[in-house]
Amino acid sequence: MSSHHPIHPDCARAISRLMQIKEPKRQDFLDLKTYGRDAYSEMGWDELQQYINEKTVVIVEQFEDEQNILSALRWVARGLPVWLAIRKVRTDYAMYRYMKSV
């Protein structure tokens, strides 16, 4: 096993910062980044299945797009609470759609 953290230390800090904000705004979610690829970036359905439980099943129900489901599960795996992970992915997805339409 390698000793490097599965997530970037800046990402870990950003997660704990976001969790301390009482009512996070859109920008707070956009500011949360992975700071490069991490152990979770590569995870597909097979690996992420282990994160599906009665708490996270709501993620599967929230999104139709498989990429969004995987993305939200990756954020949960990184330590983000489910509802924040959902908002994070929603925010990113809205931003992505907006960028594509500009």
Which ranges mark the helices (runs of 4 or more DSSP H) fully within the stretch 32-102 that have 3 or more residues being crowded, with 18+ Cβ neighbours inside 10 Å?
66-78, 82-101
Can you tell me which of Val102, Val76 is among the hydrophobic types (A, V, I, L, M, F, W, C) and at pLDDT 95 or above?
Val76
With the requirement that a residue be of a type in the set (Gly, Ala, Ser) and modelled with pLDDT under 95, what does the stretch 3-35 give you?
Ser3
Using beta carbons and a limit of 8 Å, which pairs, at least six apart or on different chains, have the first residue in the stretch 76-102 and small (Gly, Ala, Ser) and the second one not in a helix (DSSP H, G or I)?
Ala77/Tyr40; Ala77/Met43; Gly79/Ile7
Of (1) outside any helix (DSSP H, G or I); (2) surrounded by 17 or more Cβ atoms within 10 Å (Cβ to Cβ); (3) without any contact (Cβ under 8 Å) to a residue 40 or more places away in the chain, Ala14 satisfies all except one. Which?
(1)
Considering only residues of the stretch 17-31 that are touching a residue at least 12 places away in the same chain (Cβ under 8 Å), out of contact with any Pro (no Cβ under 8 Å at 6 or more places or on another chain) and not aromatic (Phe, Trp, Tyr), which is surrounded by the most Cβ atoms within 10 Å (Cβ to Cβ)?
Pro24
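The values are calculated or read from the model by the stated rules, or taken from the named source; none is laboratory data. Remember, it's a predicted structure, so these values are computed and weren't measured experimentally. Cβ: placed from backbone, ideal geometry, glycine included. Neighbour counts: every protein chain shown.
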